[in-house]
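The values are calculated or read from the model by the stated rules, or taken from the named source; none is laboratory data. Since this is a predicted model, take the numbers as computed values, not measurements. Here the Cβ positions follow ideal geometry from the backbone for every residue, glycine too, while neighbour counts run over all protein chains shown. For the accessible areas, the whole protein counts, side chains as well, though only heavy atoms, and no ligand, DNA or RNA atoms are used. Shrake-Rupley method; radii C 1.70, N 1.55, O 1.52, S 1.80 Å.
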Amino acid sequence: MAHRHDVYEYGIYREHEIKYVGKFGAKGEKRAKKKKATPEQVKKQNQYNREKKILRKIRCNFEPGDLWLTMKFPRGTRIPAEEIKKVRKAFFDTVRNKYKKRGQVLKFVYRIEVGERGGIHFHVLMNRLDGTPGTAEIVSEVWNRLTDGRVNYEPVYEGDYFKSLANYIVKEPTEEITGQMTLFGEEEETKIFVKYDCSRNLKMPEKETHKYKRRTVRKLIENGPEPQPGYYIDRDSIRYGVNPFTGMSYYYYTEIRLERDAGEIRRECEDLCRRSASTSPHP
């Protein structure tokens, strides 16, 4: 097999992951020799994979107008990690029940963090509840009752915002923040501060795989990918190289569907011209 093309299609997105046997370039070139990846390479690749996975989850399950919440404990709060877990459970159980009573389903992604000065806060991406009271009012009421803390919130929008959220949610804590974690328990207990979690009802896109023979990546690298009709290429999404773990070259990019393609715009213009001509007074 010379070329495997995996496509993830969901919403307005179409992700392409192309893997080639061999290095970029010469036709028929054999797969590059596997190399032992450095710790830095492993760390970088793992981080990229985490970002890619959570970005797919965000794009599949959330939309502009949903909320990014920052829920803070009162200043100076120092409680064990086990107590924080109890607060977490009580919060999501209560909000989930409020959504259910309104006939809607709660979806969320969250991460618990410790600030550089030791302050505890939750970051939550949550789907918007239709009707009144809305999500912001419900979250503020529940959080204040449980912790006497406060909530900041902002509506999310697409584009780079979702990418920034994905990057932030999976980022590794700095040394300063890692040091603050010791205030809340032993290392095993404080793992809640170093990874994200989400509701179990989130969807992930299905993968469609195509296999080809006698193809190389040279043309793709030299000319770049061509978008399908009605789509454009997200140039910031393009990545390529040689995977040191497998010795296989790869190319990755994302297409985004146009709100209106050129054909639709042209047809609208032609229709407008026809209607204008039919209603214009004759000399």
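Numbers at a glance
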quantity	calculated
Separation in nanometres of the label points that stand 7 Å from Cα toward Cβ, at residue 238 and residue 36	3.6 nm
Vicinal HN-Hα couplings computed from phi for the range 78-91 (Karplus, 6.51 cos²θ - 1.76 cosθ + 1.60; Hz; Gly/Pro x)	9, 10, x, 4, 5, 5, 5, 4, 5, 5, 4, 5, 4, 5
Flagged links, alpha-carbon separation over 22 Å, of 19/219; 53/191; 72/195; 44/107; 19/44	44/107
Pairs of alpha carbons in the range 70-122 whose separation is greater than 12 Å (percent)	70 percent
Residue-normalised accessible area of the range 33-137, given per residue in Å² at a 1.4 Å probe	54 Å²
Built amide H within the under 5 Å cut-off of residue 129, gap 5+	135
Accessible surface of the range 65-130 [probe 1.4 Å, protein heavy atoms]: carbon and sulfur percent	48 percent
Note, ³J(HN,Hα) from phi for the range 146-153, Karplus 6.51, -1.76, 1.60, rounded to Hz, x at Gly and Pro	7, 10, 6, x, 10, 10, 10, 8
Euclidean distance of C-alpha centroids, the range 101-158 and the range 231-256, integer Å	35 Å
In order through the range 195-204: 3J(HN,Hα) via Karplus (6.51 cos²θ - 1.76 cosθ + 1.60), integer Hz, x for Gly, Pro	8, 8, 9, 7, 5, 7, 8, 6, 8, 10
